[in-house]
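Data block below; observations after.
Quick note: the coordinates plus some simple rules give every number you see, no bench work behind them. Please read these numbers as outputs of a predicted model, since none were measured by experiment. Every residue, glycine as well, gets a Cβ built from its backbone with ideal geometry; the counts of neighbours run over all protein chains shown.
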Amino acid sequence: MNIIALVKQTPDTAKLSRTLNGLQLMADGQPRIVNPWDEYALEIALQLRDKHGGKKVTALSLGRPEAVDALRTGLAMGADEAILISDPGLAGTDTLGTARALAAAIKKIGAADIIVAGRSAIDGNSAAVPAQVAALLGLPLVSYVAALKTVDTAGRSLIVARALEGGRETVTARLPVVITVVKEIAEPRYPSFMGIRKAAKAPITTWALKDLGLDPAALVPQMTWEAFLPEMREVQCEFIAGTPAEQAAALVTKLLEQKIL
Amino acid sequence: MTNDILVWIEHTDAQADTISWEAMTAAAGLAAGTGGAVRAIVAGPSTRALAEAALRHGAASVFAAEDASLAGFRLEAAGALVAGLITAHPPAAFVAGASLRGLELSAWVAARCGAPLAADVTDLSVANGAIIALRPTLAGNVISKVTMPGPSTRVISVRKRLFPGAAEVENATGDITPVQAALAEDAIGTKIVGFEPAAATISLGGARVVVSGGRAVGGPDGFKPIRDLADAVGGALGASRAAVDAGWIPYAHQVGQTGKTVQPDLYIACGISGAIQHLAGMKTSKTIVAINKDPEAPIFKYARFGLVGDIFQIVPALAAEFRKRLS
Ligand SMILES: Cc1cc2nc3c(=O)[nH]c(=O)nc-3n(C[C@H](O)[C@H](O)[C@H](O)COP(=O)(O)OP(=O)(O)OC[C@H]3O[C@@H](n4cnc5c(N)ncnc54)[C@H](O)[C@@H]3O)c2cc1C
Ligand SMILES: Nc1ncnc2c1ncn2[C@@H]1O[C@H](COP(=O)(O)O)[C@@H](O)[C@H]1O
């Protein structure tokens, strides 16, 4: 059983502060991390290999050359192989362009049984790429997986619990399948010292669009976008003083008078 | 190509989810801009009454697919149905609510139809035939303005609680057109074998009021007064990551960048400092009330009302006051 983990490198939003706003954080040279949700994807990919009879884990990322760092984290955690898709023709692509390139790479890697992704990327926040990869490859998607119940390698199926808004859904899916995982599924392991040393030296394959047989013109998004900072809401905080009972009474009065409740 | 807007009606066992009527409002706004009509898609067995409800909420017509394979929600089955309808009657846009299901449905459909996608949008407009959407990115710290010129179909999911639910009218006419499922059962790679509803607490995502506790609650017992305040106002219970990481309350209650995003009418933060990652999940709440013993706490910069003091005194007093005044 071969497993592919989709790993995106994203800005490190923990570094946002009063002196580093969102647009500044997106600029070159700012700190980057493995998309936090993708650490769970990597962890589950490794568990599928180690506990459920998998053979090989490939970490796959699409991004700029510096995204190799995210792949090195994957290798340090224990992935067997890492592949970066990077091409100037992908600059400014949308989720669909990303999904097309990832789908082409998944085909090229070949014989994947389970493709694991995070639930969303903290930068783009679209929660779209895994569903688009599944749609393009004609594979089922099982999203928001909170627990792997059974992985039946011989029967080529798995049973999982999904965390949905109204409760937990148990689903069986046949392989190959794309899954996305949520935080509850497992605690991502820390890379070991040895793992980090090995990862630092490991070769990372890079594929350009031509290696995937893709034409950059076909990946041009049918949309344009511009980014700006959210308007700072001009809220003037009205402090309500008094004893706790007085504060409570005054607050409830205001909430009712101003029809907030 | 038509100017129509297709809208997905999400439901649970043929009961419309609130977000469906919000999506209907968003769709009606787009249809006003494109000069087309809103057409709803209702999928699942025994959904005749729901299709009629869609007409009463403003759809000009409904595509109704009642095949048993569309019971529950299975992405491939629903996606293939929608993609088929888009191909057969190309609309200017397809709109779904950005629930967990709606997010993946819209993404899947966009990929199948080769259409541009704007996910989880907070605002929509039409100008010169282009659809313009605003969407928060980078944990709400950057707004992305997406322009989709068309004319081919654009796919959009709308964030919860930003568009008002479409009003219901008494008498509505419009065709309910039966349509076939697009996939045979054996072409669908998944089966739903069980569903365990979450405990009947108010879910954070759709709540009108959220009361959250932070590190200051000090322990699992400290959440009792917070929970009691939430009950008194009929709100959902939230928490900061500090409280979740301490193990005082399950992760499902976490609000913020790595938790849930909420947009209630009223958010009451109790003993929460207002870290940027917490703000990412709640700062677009309509009204924020902060209770904190530190008058310099950053949360007060976002709060409409601030109560400086001890949560263990103020929170119970507030619960009592709400009970008195709301009954
Ligand atoms: C990548 C990343 C993701 C994160 N995601 C999230 C997230 O999703 N959600 C989230 O919440 N955080 C998140 N965090 C953590 C965040 O940075 C803060 O650490 C966290 O929000 C702090 O929680 P808090 O406000 O409860 O605690 P603190 O910051 O410790 O604040 C406690 C507050 O309580 C006040 N207080 C103490 N005692 C009392 C009392 N008796 N009465 C009244 N007030 C009192 C104090 O004055 C203080 O302001 C994330 C961090 C990182 C790095
Ligand atoms: N550029 C990328 N490279 C690799 N994986 C990605 C990329 N973009 C998205 N993904 C995967 O898709 C998930 C959802 O991302 P998104 O749809 O962008 O919110 C992420 O958690 C990743 O697992």
TODO: Step through the residues of region B:277-292 one at a time and calculate ³J(HN,Hα) from phi using the Karplus curve (6.51 cos²θ - 1.76 cosθ + 1.60, θ = phi - 60°), rounding each to whole Hz and writing x for Gly and Pro.
DONE: 6, 6, 4, 4, x, 9, 6, 8, 4, 5, 10, 10, 10, 10, 10, 7
Task: Residue-averaged [θ]222 nm for chain B, counting only DSSP H segments that reach four residues, each worth -39500 (n - 2.57) - done: -8500 deg cm²/dmol
Task: Nearest-0.05 FRET efficiency for B:GLU170 and A:LYS51, computed from C-beta distance (R0 45 Å) - done: 0.15
Task: Over chain A: helical MRE at 222 nm, DSSP H runs n ≥ 4 each giving -39500 (n - 2.57), nearest 500 - done: -9000 deg cm²/dmol
Task: Placed amide H near B:LYS260: partners under 5 Å, 5+ positions off or other chain - done: B:GLN254, B:VAL255
Task: Loop GluC sites (Glu not before Pro), region B:92-182 (other Cβ atoms within 10 Å of the site Cβ: 15 or fewer; DSSP) - done: B:GLU168, B:GLU170
TODO: Take the eigenvalues of the Cα gyration tensor for region A:198-261, scale each by 5, and report the square roots as semi-axes in whole Å, largest first.
DONE: 59, 22, 11
Task: Lys, Arg +1 and Asp, Glu -1 on Cβ, resulting dipole of region B:66-158 about Cα centre, debye, nearest 20 - done: 240
Open item on the list: Show me, bin by bin at 20 Å from 0, the whole-percent P(r) of the protein assembly as shown based on Cα pairs.
Closed with: 20, 53, 26, 1
Task: Calculated FRET efficiency for the pair B:ALA187/A:ILE260, C-beta based, R₀ 41 Å, to 0.05 - done: 0.20
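How much of the DSSP bridge set in chain B is antiparallel, in percent, rounded to the nearest 5?
Restricted to chain B, the bridges split so that about 25 percent are antiparallel.
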TODO: Return the average number of partner chain Cβ atoms within 10 angstrom of each residue Cβ along peptide A:213-222.
DONE: 2
Task: Label point 7 Å beyond Cα of B:ALA49 along Cβ direction - residues of region B:12-35 with amide nitrogen under 11 Å - done: B:14-16
- [ ] Once you've got the GNM for chain B with C-alpha springs shorter than 10 Å, pick whichever of B:GLY281, B:GLY271, B:GLY247 has the biggest mean-square fluctuation.
- [x] B:GLY247
Open item on the list: Using the basic label-point model (7 angstrom from Cα toward the beta carbon), what is the A:MET26 to A:PHE239 distance in nanometres?
Closed with: 3.7
Task: Hits among aspartates and glutamates - C-alpha to C-alpha of A:LYS108 under 20 Å, sequence gap 8 or more where chains match - done: A:ASP80, A:GLU81, A:ASP87, A:ASP211, A:ASP215
TODO: Evaluate E = 1/(1 + (r/R0)^6) for B:ALA198 and B:LYS145, where r is the Cβ-Cβ distance and R0 equals 22 Å; express this FRET efficiency to the nearest 0.05.
DONE: 0.05
Open item on the list: Per residue, how big is the convex hull of region B:208-281 when only Cα atoms are used? Give it in Å³.
Closed with: 69
TODO: Note the per residue figure in Å³ for the convex hull of the C-alpha positions in region B:88-232.
DONE: 224
Open item on the list: So for chain B, averaging the separation of alpha carbon pairs under 8 Å that are six or more residues apart and normalising by length, what relative contact order in percent results?
Closed with: 15
Task: Counting DSSP beta bridges with both ends in the protein assembly as shown, the antiparallel % (nearest 5) - done: 40
TODO: Find the percent of Cα-Cα distances in region A:1-70 that exceed 15 Å, and round it to a whole number.
DONE: 58
Open item on the list: Per-residue Cβ counts within 10 Å, from other chains only, averaged over A:169-181: what number is that?
Closed with: 3
Open item on the list: Taking a virtual spin label 7 Å from the Cα of A:ALA208 along the C-beta vector, which residues in region A:68-93 bring their backbone nitrogen under 11 Å of it?
Closed with: A:86-89
